[in-house]
Amino acid sequence: MQALHPWNVNVEEAIEIQKRFRTRIILKKTFSELRTVAGADVAYSKNGHLLFGAIAVLTFPEMEVLSIVTAPGRISFPYIPGLLSFREGPILLRVFRRLKIKPDLIIFDGQGIAHPRRFGLASHLGLWLDLPSIGCAKTSLLEEVRLPDPGKGNFDLLRRGKEEVGAVLRTRENVKPVFVSPGHRIDLMSSIEVILACCPKFRIPEPLRIAHQIAEAKIRNPNIEIRNE
């Protein structure tokens, strides 16, 4: 893992970093098969000072848990839409360093290139880790969004100008869609296929759903024992 830049930056510097590194993003599938997929998420304390990062590594496509790793931290960057990676990036990188099983691909609760500067959390950390990555968010940062038909697997494309940057995807029938976009080293259609394969029962991809549950449990009780940790 090679550091791309410092994290102790102000808002203007963070935006310049996004603009500088977005040209390095690879938007094509760079792997032939997937055997493991990870989900990464962060939970915040109610007092607004602490956070807990969690990464869950699962087999693909069986979705069996192989490893769960967590780490605590302190919030060092304000909440600003479009700059989530500067708030959550440092803690998630700390968690990743503790992994003994390196995943073939990682899903982030955030955006990939469906982002005002085409460099959301999944693109930023995918590039930092040099891993195929996908953003799977509950909301969109883009203005023009059309909802797809309610059946599972239906999607409508997200565009910035003429460029297709993501998809509004139904992972379950008659439930709210998720917002999928490639992060790094994967294309849009492959991103959609992976997310659907990771959603056998629930709206949220299983690796991401488990990481979210673990992060929330740890922020409530840091001493709780987690299986596979």
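The values are calculated or read from the model by the stated rules, or taken from the named source; none is laboratory data. Given the structure is predicted, the values throughout are model-derived calculations rather than measurements. Backbone-built Cβ (ideal geometry, glycine too); neighbour counts: all protein chains shown.
Some points to look at:
- E163 being farther than 22 Å from T36 by Cα and touching a Leu at 6+ places or on another chain (Cβ under 9 Å): no
- M63 fulfils the conditions (1) out of contact with any Lys or Arg (no Cβ under 7 Å at 6 or more places or on another chain); (2) in contact (Cβ under 8 Å) with a residue 12 or more places away in the chain; (3) on the phi < 0 side of the Ramachandran plot except for a single criterion, (3).
- Considering only residues in the range 166-186 that are assigned to a strand (DSSP E or B) and touching a residue at least 40 places away in the same chain (Cβ under 8 Å), the one that is surrounded by the fewest Cβ atoms within 10 Å (Cβ to Cβ) turns out to be F179.
- The set of residues from the range 51-90 being small (G, A, S) and either within 15 Å of the chain's Cα centre (by Cα) or outside any loop (DSSP other than H, G, I, E, B) (or both) comprises G53, A54, A56, S67, A71, G73, G82, S85, G89.
- Residue within the range 2-24 that is at pLDDT below 95, within 21 Å of the chain's Cα centre (by Cα) and not aliphatic (A, V, I, L, M) present: yes
- Scan of the range 201-216 for residues that are part of a helix (DSSP H, G or I) and touching a residue at least 60 places away in the same chain (Cβ under 8 Å), ordered by number: E206, P207, L208, R209, I210, A211, H212, I214, A215, E216
- Qualifying residue in the range 38-60 (condition: touching a residue at least 60 places away in the same chain (Cβ under 8 Å) and charged (D, E, K, R)): yes
- When the range 201-229 is filtered for residues that are touching a helix residue (DSSP H, G or I) at 6+ places or on another chain (Cβ under 7 Å) and over 30 Å from H49 (Cα atoms), only F202 remains.
- Some residue of the range 73-96 being surrounded by fewer than 22 Cβ atoms within 10 Å (Cβ to Cβ) and polar (S, T, N, Q): yes
- Enumeration of residues in the range 20-32 that are surrounded by fewer than 13 Cβ atoms within 10 Å (Cβ to Cβ) and in a helix (DSSP H, G or I): R20, T23, R24
- Test result for I17, surrounded by 18 or more Cβ atoms within 10 Å (Cβ to Cβ), closer than 14 Å to L127 by Cα and touching a His at 6+ places or on another chain (Cβ under 7 Å): yes
- Residue that is modelled with the lowest pLDDT, among those in the range 114-165 that are assigned to a loop (DSSP other than H, G, I, E, B) and among the β-branched types (V, I, T): V145
- Criterion (buried (at least 19 other Cβ atoms within 10 Å of the Cβ), within 15 Å of L84 (Cβ to Cβ) and not hydrophobic (A, V, I, L, M, F, W, C)) met by exactly one of S123, S191, S140: S123
- Residue match in the range 197-218 (condition: surrounded by fewer than 15 Cβ atoms within 10 Å (Cβ to Cβ) and farther than 29 Å from Y44 by Cα): no
- Scanning the range 137-164 for residues that are in contact with a Gly (Cβ under 8 Å, 6 or more places away or on another chain) and either of a type in the set (D, E, K, R) or closer than 15 Å to G183 by Cβ (or both) returns A137, L141, L158.
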